[in-house]
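Quick one: the structure is below, questions incoming.
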Amino acid sequence: MKRVFLIVLDSFGVGASPDALLYNDDGTNTIKSVFSTGFLKVPCLKKLGLFNINDVARKIGCDLETNPMASFAKMQESSKGKDTTSGHWEIAGLPLKKSFPTYPKGFPKKVIEKFMQVTGRGVLCNKPYSGTEVIKDYGEEHLKTGNLIVYTSSDSVFQIAAHEGIVPLELLYDYCKKARNILTGENEVLRVIARPFTGKYPNFYRTNKRKDFSILPPSKTMLDLLKENFFDILAVGKINDIFAGRGITRSFKTANNEEGLKILEKCIDENFNGLCFVNLVDFDMLYGHRNDAKGYALALNFFDQKLEKILKKMKSEDIIIVTADHGCDPGDISTDHTREYVPMLIYGNKIKRGVNLGVLKTFSDVSASILAYFNIENSLSGTSFLKEILH
């Protein structure tokens, strides 16, 4: 029985990509900002070879691991973008050849008017905004008027924030579905996101009932091929939302990293045959976007402690891959995602130790290697590195 555990540390970049300047991200480095706090203590990731990845140790000023337990690489995104959906789809063998629309000046008048028509509510904000700041600045007016807070970011997203006492959750989700139906053609954003919040002015806070409404992947991904070949695909965290439920056999929704890691531990103890695909969102949502480098470091420390326990539970044919989908440098002047390389650590009894795979030109090499491990022929993007690292 073969099992692969694919863990995405949402936003854990390891240095600006060669094209970062095109995204105004030149010089960004998530791991460097986190390491610079002095709070980062990740002995398990270090033993696996995190700091042995090309240029990582040199750029942040730390020691290499003498005998890394894992094989490793850093990966460059080939898709146009730096968002969650394009990153995960590329990991699953589907890089995006076009960029999806973004709205630095807010959504067009025709989109907003149509949205107000189908919801029967007015709209507040309609511009790029921090998710925590937008409820601080518009939450009180939302309570008084019932108008919906609509905002975006540097990513291709249409976000709707509403107080749970004004707009019940199911109604907010219905509004998101209506927005999803409106946002097609030239305005087809990758995700519509429900952003419920609660509390009293000025102490509003977002709840954990966020929900993403993604477009369907335009063609098959690794998940589809695994499912067609009767393998199990366990989705933990945002994975089900990101792939709009396609190619998944079981889904586990999580509120935070701690819950995601608990579910991962339960999955390790299960007898399934296939892939467990995990997204740990706190790094991005709570720390990267809020420029909280210390919080990011402490969250990585917590993950590292849990990872050490998880590795001890692995079976003889299990493989664990730790990677990321983009960067979100908490030391950057902005609060947006950053165009960075991401790490790739791969470990298991069948995997050679200390093989440096260098720089992979697409995240899709991960899916190609996973499909090769399950002996599934395919025509998806990416090149398998499995032969280089398999005993």
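Keeping to segment 28-42, report how many residues are at positive phi and either among the hydroxyl-bearing types (Ser, Thr, Tyr) or in contact with a helix residue (DSSP H, G or I) (Cβ under 7 Å, 6 or more places away or on another chain) (or both).
Initial filter on segment 28-42 (at positive phi): 38.
Still in the running and either among the hydroxyl-bearing types (Ser, Thr, Tyr) or in contact with a helix residue (DSSP H, G or I) (Cβ under 7 Å, 6 or more places away or on another chain) (or both): none.
Final tally of qualifying residues: 0.
Filter segment 330-378 down to the residues that are surrounded by 23 or more Cβ atoms within 10 Å (Cβ to Cβ) and among the hydroxyl-bearing types (Ser, Thr, Tyr) and list them by number.
Those that are surrounded by 23 or more Cβ atoms within 10 Å (Cβ to Cβ) and among the hydroxyl-bearing types (Ser, Thr, Tyr): 338, 341, 347, 364, 367, 369.
Could we say that residue 293 is in the same structural domain as residue 228 (by TED's automatic domain parsing), within 21 Å of the chain's Cα centre (by Cα), farther than 22 Å from residue 88 by Cβ and buried (at least 18 other Cβ atoms within 10 Å of the Cβ) here?
Considered against the rule, which asks whether it is in the same structural domain as residue 228 (by TED's automatic domain parsing), within 21 Å of the chain's Cα centre (by Cα), farther than 22 Å from residue 88 by Cβ and buried (at least 18 other Cβ atoms within 10 Å of the Cβ), residue 293 comes out as yes.
Oh, and also: For segment 227-314, give me every one of the helices (runs of 4 or more DSSP H) that falls completely inside it and has 2 or more residues that are within 22 Å of residue 190 (Cβ to Cβ). Working first, answer last.
On the way: elements: 239-242, 257-269, 293-312.
Output list reads 239-242.
Still on this structure, I have one more. Anything in segment 349-382 that is under 25 Å from the mean Cα position of the chain (by Cα) and farther than 26 Å from residue 30 by Cβ? List them, or say none.
Result: 371, 372, 373, 374, 378, 379, 380.
Take the conditions charged (D, E, K, R) and out of contact with any helix residue (DSSP H, G or I) (no Cβ under 8 Å at 6 or more places or on another chain) and apply them to residue 186. Does it pass?
So residue 186 fits the description; yes.
Mind checking which helices (runs of 4 or more DSSP H) fall wholly inside segment 1-104 and carry at least 2 residues that are crowded, with 20+ Cβ neighbours inside 10 Å, assigned by TED's automatic domain parsing to the domain that holds residue 296 and at pLDDT 95 or above?
30-35, 43-48, 84-91
I'm checking my understanding of the structure. Among residues of segment 296-310 that are in contact with a helix residue (DSSP H, G or I) (Cβ under 7 Å, 6 or more places away or on another chain) and within 29 Å of residue 386 (Cα to Cα), which one is surrounded by the fewest Cβ atoms within 10 Å (Cβ to Cβ)?
Checking each candidate, the answer is 308.
Now, a different point. Considering only residues of segment 194-208 that are among the hydrophobic types (A, V, I, L, M, F, W, C) and either outside any strand (DSSP E or B) or touching a residue at least 60 places away in the same chain (Cβ under 8 Å) (or both), which is farthest from residue 172 (Cα to Cα)? Talk me through it step by step, then tell me what you get.
First, pick out the residues of segment 194-208 that are among the hydrophobic types (A, V, I, L, M, F, W, C): 194, 197, 204.
Subsequent filtering for residues that are either outside any strand (DSSP E or B) or touching a residue at least 60 places away in the same chain (Cβ under 8 Å) (or both) retains 197, 204.
Details: 197: 11, 204: 17 Å.
In this case the residue turns out to be 204.
(1) touching a strand residue (DSSP E or B) at 6+ places or on another chain (Cβ under 9 Å); (2) touching a residue at least 40 places away in the same chain (Cβ under 8 Å); (3) crowded, with 16+ Cβ neighbours inside 10 Å: which one isn't true of residue 221, the others all being true?
(1)
Sticking with this structure for a sec: Return the residue satisfying two criteria in turn: it lies in segment 178-204 and is under 22 Å from the mean Cα position of the chain (by Cα) and of a type outside the set (A, V, I, L, M, F, W, C), and of such residues it is surrounded by the fewest Cβ atoms within 10 Å (Cβ to Cβ).
188
Another question about this same structure. Looking at (1) out of contact with any Leu (no Cβ under 9 Å at 6 or more places or on another chain); (2) of a type in the set (D, E, K, R); (3) under 20 Å from residue 112 (Cβ atoms), which is the one condition that is false for residue 170?
Of (1) out of contact with any Leu (no Cβ under 9 Å at 6 or more places or on another chain); (2) of a type in the set (D, E, K, R); (3) under 20 Å from residue 112 (Cβ atoms), only one is false for residue 170: (3).
Would segment 72-82 turn up any residue that is without any contact (Cβ under 8 Å) to a residue 24 or more places away in the chain, of a type in the set (A, V, I, L, M, F, W, C) and on the phi < 0 side of the Ramachandran plot?
No: zero hits.
One residue is enough: does segment 115-135 have a residue meeting the conditions under 28 Å from residue 243 (Cβ atoms), in contact (Cβ under 8 Å) with a residue 12 or more places away in the chain and among the basic types (Lys, Arg)?
no
The values are calculated or read from the model by the stated rules, or taken from the named source; none is laboratory data. Remember, it's a predicted structure, so these values are computed and weren't measured experimentally. Cβ sites come from the backbone with ideal geometry, for glycine too, and all protein chains shown count toward neighbours.
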